[in-house]
1. Just tell me which aspartates and glutamates come within less than 17 Å, Cα to Cα, of K89; anything on the same chain fewer than 8 places away is out.
2. Report, by chain and number, residues whose modeled amide H sits under 5 Å from the one on S140, excluding near sequence neighbours (fewer than 5 apart, same chain).
3. Taking a ≥ b ≥ c as the square roots of the eigenvalues of the Cα gyration tensor of the stretch 64-107, is the shape rounded (a/c under 1.5), prolate (a/b larger than b/c) or oblate?
4. Check cross-link reach from K122 to the lysines: straight Cα distance under 21 Å, and skip same-chain residues fewer than eight apart.
5. Among the lysines, select those whose C-alpha is under 19 Å from the C-alpha of K83, and discard any that sit fewer than 8 residues away in the same chain.
Amino acid sequence: MACLSPLQLQKFQEDGFLVLEGFLSVDECEAMKQRIGEIVAEMDVPPHCRIEFSTQHEEQLRAQGSTNYFLSSGDKIRFFFEKGVLDNKGNFLVPPEKSVNKIGHALHAHDPVFRSVTHSPKVQALARSLGLQMPVVVQSMYIFKVSDMSFPGLSLPFVKLAGCS
């Protein structure tokens, strides 16, 4: 699926995103799921660095905006946790592997499985199809879709361009 149709390009230009079902193979998705399980199993985040992730602006500023762990995460693999899974000292109230909200922001730079998918020929061809002249991967995340904090799922890679709404 290297070449996008004119309708897909128009949709991307209008919306700033494009859903490409089946873009990644089942094997690629399974490899990333397996690897993220290994990364979570090896997770070693000191209690004082454990922060709960929030999409609410005020909560986000309170929880992440003042911590170096979040602010310096752009070029590292870091863990961010669900609300209510940590006590006031940063200790887990649930099993650590069921507490993760997302892992970011440099999986593409530091993990070989995520690097191979992110920089694959088909992703490069997709970038060319979108007309990107010099695309740069700024960050990558694995976002857990959690139901009762027990069923993580893969949030597929997406492209967001500056200037697109």
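Each value in this text was obtained by applying a stated rule to the coordinates, not by laboratory testing. Treat the numbers as computed from the prediction; the structure is a model and nothing was measured.
1. D44, E52
2. Residues meeting the criterion, in which the H sits 1.01 Å from N, are A106, L107, H108.
3. In terms of gyration-tensor shape, oblate.
4. In chain and number order, the partners are K11, K33, K160.
5. Candidates past the 8-residue exclusion: K98, K102, K145.
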